[in-house]
Amino acid sequence: MSHSSSSMDFYCDQVLSGLIDVERIAETEQVLAFHHTQPYWPVHIVIIPKRHISSLAALEACDLPVAHAMLDVAAELCRRVTDEHGGCRLSTNSGDYQSTKHLHFYIHHGPRLKDEHGATIAQPDALATPGPRSGTL
Ligand SMILES: [Zn+2]
């Protein structure tokens, strides 16, 4: 691994190492997509490269094939979530916004359930109960 062992890297240390089981949605030679283990939205999918890249901001020319593979998976999952739920958002974090220093894309749908610190956000009634992941995504 090219990253410092002092930095927290949940994806290399726990997911890619196989230490914890994740609910896989899509997988290719270079990319893994799975349901977030502690979702912040009713649909919250994480897409990561299988080899360590620290963030989008750190992307180098040699990483472009992996980034392309991530976009391929993201495009397919965007279509699936949009078909099933009507829409979704794709995001990625950098710098102070990025708590896990391993490049990851989020695809999410629905009202935000938790803030940046994992605290539950009070929901304004009707929209509050889509339940975690009705349907397949
Ligand atoms: Zn990593």
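A short reminder: the numbers here are calculations on the coordinates, not readings from a lab. Owing to the predicted nature of the structure, the values given are computational and were not obtained by experimental measurement. A quick note on method: Cβ atoms are made from the backbone with ideal geometry, for glycine too, and the neighbour counts reach across all protein chains shown.
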TODO: Go through (1) touching an Asp or Glu at 6+ places or on another chain (Cβ under 8 Å); (2) surrounded by fewer than 20 Cβ atoms within 10 Å (Cβ to Cβ) and name the single condition LEU71 misses.
DONE: (1)
TODO: Kindly indicate whether HIS104 is over 14 Å from the mean Cα position of the chain (by Cα), in contact (Cβ under 8 Å) with a residue 40 or more places away in the chain and within 16 Å of the ligand (Cβ to nearest atom).
DONE: no
Open item on the list: Given the options SER54, SER99, SER91, name the one that is touching a His at 6+ places or on another chain (Cβ under 7 Å) and in contact (Cβ under 8 Å) with a residue 12 or more places away in the chain.
Closed with: SER54
Open item on the list: Restricting to region 96-115, count the residues that are exposed (fewer than 10 other Cβ atoms within 10 Å of the Cβ) and more than 17 Å from ASP9 (Cβ to Cβ).
Closed with: 0
- [ ] Give region 15-46 a look and list any residue that's in contact with a Ser or Thr (Cβ under 9 Å, 6 or more places away or on another chain) and within 16 Å of the ligand (Cβ to nearest atom), or say none.
- [x] VAL15, ILE20, VAL22, VAL46
TODO: Mind listing whichever residues of region 77-95 are surrounded by 13 or more Cβ atoms within 10 Å (Cβ to Cβ) and either touching a Gly at 6+ places or on another chain (Cβ under 7 Å) or within 21 Å of ARG51 (Cα to Cα) (or both)?
DONE: LEU77, GLU84, LEU90, THR92, ASN93, SER94
Open item on the list: Condition first: farther than 18 Å from TYR97 by Cα and within 16 Å of the ligand (Cβ to nearest atom). Now tell me which residues in region 47-61 satisfy that.
Closed with: PRO49, LYS50, ARG51, HIS52, GLU60
